[in-house]
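Written below as C-alpha cells is the structure these notes are about.
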Amino acid sequence: MTEDSQRNFRSVYYEKVGFRGVEEKKSLEILLKDDRLGILPPHHESHAQVMMYRKEQYSDVLHALKVVRFVNDATPQVEVYLRMYQLESGKLPRNPSFPLKPEDEVFLAIAKAMEEMVEDSVDCYWITRCFVNQLNKYRDSLPQLPKAFEQYLNLEDSRLLSHLKMCSAVSRLPYDLWFKRCFAGCLPESSLQRVWDKVVSGSCKILVFVAVEILLTFKLKVMALNNSEKITKFLENIPQDSSDAIVSKAIDLWHKHCGTPVHSA
C-alpha cells in the first residue's frame, strides 16, 4: 500500500466493503495530522510546542496588520484571514481599498465555510491557509474540469447535456463556484467536509462528479428551464436538503468511472 493510500485508508476500506455513506474524516482532523500540508509534525509529542509557535505567529501577523491599518477590531474575521494570508505570501496590496482579485474571493469563500467547521480562529486560519495552498497545487488540473464534467454528464445522461447545449448553458455553468471554490457557498458544512476530505487526500476530480450528480439530481427542474441565466441561477442556489445524498451518489459515480480512486487528480 502506498503512503497516499494509507493516508485515506479508512475511507477506502469502508467504500470497498460497500459502506459508501460512512462519514469520512473531517477536514480539520486530516489537516491537523497531515505533515505534507505543513501544519503539524508527525510526532504527536511535538504538537503542543508547534501549536504555540502557530499562535505566536498568528498574533504577530495580526498585530502587524493592525499597525499598518489594514485591519481593526471591526474587520470581519474572514477578511482578517485574507489579509494575513496576503501578508505572509507577499501579496498584500499597497492599499486596503484596492479591489479584491478573483483568488481573494476564492479564499474568502473557503474561509467563510471553514468558520462553520472550526471554532478556534487560529486553527481556522491555518487550516484555511493550507487548504488554499493545496488547491493551488491543482492549478493545472482545474481548467480541465469543465471538459471532464461535460464528458461524464454525457455518459450519464446525454439528453440532459443536449438540453444544456440547446440553452447555451454549458459554458455559463457556475464552474468557479464548483471547481475553484470547491462548492463553498453551495453545499452545507456537513457535505463540504466529505468532499473536501477527498480534495485534501489528493483528488480534485471528485468535484466533477459532485457537479454531475447535482445535474442528475435536479434534472427535472433543469429540463424545465429554457435559458442559461435561469439554469445558472438555480444551480448556484440548489436546495440544501439533498446535499448529503448528492455527495454519496457522487462518490458512487467516482468509483463507477474511476474504479477505486484514492487520490485521482
Just to be sure, is residue 191 open to solvent by less than 10 Å² (accessible area, probe 1.4 Å), touching a residue at least 12 places away in the same chain (Cβ under 8 Å), hydroxyl-bearing (Ser, Thr, Tyr) and out of contact with any Pro (no Cβ under 6 Å at 6 or more places or on another chain)?
yes
Can you pull out the residues in the stretch 110-123 that are closer than 21 Å to residue 64 by Cβ and open to solvent by less than 30 Å² (accessible area, probe 1.4 Å)?
111, 122
Qualifying residue in the stretch 209-218 (condition: in contact (Cβ under 8 Å) with a residue 60 or more places away in the chain, open to solvent by 10 Å² or more (accessible area, probe 1.4 Å) and under 15 Å from residue 243 (Cα atoms)):
yes
Limited to the stretch 64-89, what total is found for residues that are among the small types (Gly, Ala, Ser) and under 23 Å from the mean Cα position of the chain (by Cα)?
1
All conditions in (1) without any contact (Cβ under 8 Å) to a residue 24 or more places away in the chain; (2) touching a strand residue (DSSP E or B) at 6+ places or on another chain (Cβ under 8 Å); (3) not β-branched (Val, Ile, Thr) are true of residue 112 except (1)
Go through (1) under 22 Å from residue 181 (Cβ atoms); (2) modelled with pLDDT under 55 one by one and return the number of the condition residue 21 breaks.
(1)
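Test of understanding: among 199, 208, 247, 212, which residue is under 23 Å from residue 118 (Cβ atoms) and modelled with pLDDT of 95 or more?
When all the criteria are applied, what remains is 247.
Residues checked against (1) at pLDDT 95 or above; (2) at positive phi; (3) surrounded by 17 or more Cβ atoms within 10 Å (Cβ to Cβ); (4) not hydrophobic (A, V, I, L, M, F, W, C):
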position: 108; (1), (2), (3), (4): yes, no, yes, no
position: 125; (1), (2), (3), (4): yes, no, yes, yes
position: 139; (1), (2), (3), (4): no, no, no, yes
position: 151; (1), (2), (3), (4): yes, no, no, yes
position: 169; (1), (2), (3), (4): yes, no, yes, no
Helices (runs of 4 or more DSSP H) (entirely within the stretch 68-156) containing at least 1 residues that are within 23 Å of residue 55 (Cα to Cα)
77-88, 102-115, 121-136
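Please work out if residue 197 is within 20 Å of residue 251 (Cα to Cα), open to solvent by 20 Å² or more (accessible area, probe 1.4 Å) and touching a Lys or Arg at 6+ places or on another chain (Cβ under 9 Å).
No, not satisfied.
The values are calculated or read from the model by the stated rules, or taken from the named source; none is laboratory data. Keep in mind that this is a model prediction, so the values were computed, not measured. As a convention, Cβ positions derive from the backbone with ideal geometry for all residues, glycine included, and neighbour counts pool all protein chains shown. We work out accessible area using only protein heavy atoms, side chains counted, and drop any ligands, DNA or RNA first. Shrake-Rupley method; radii C 1.70, N 1.55, O 1.52, S 1.80 Å.
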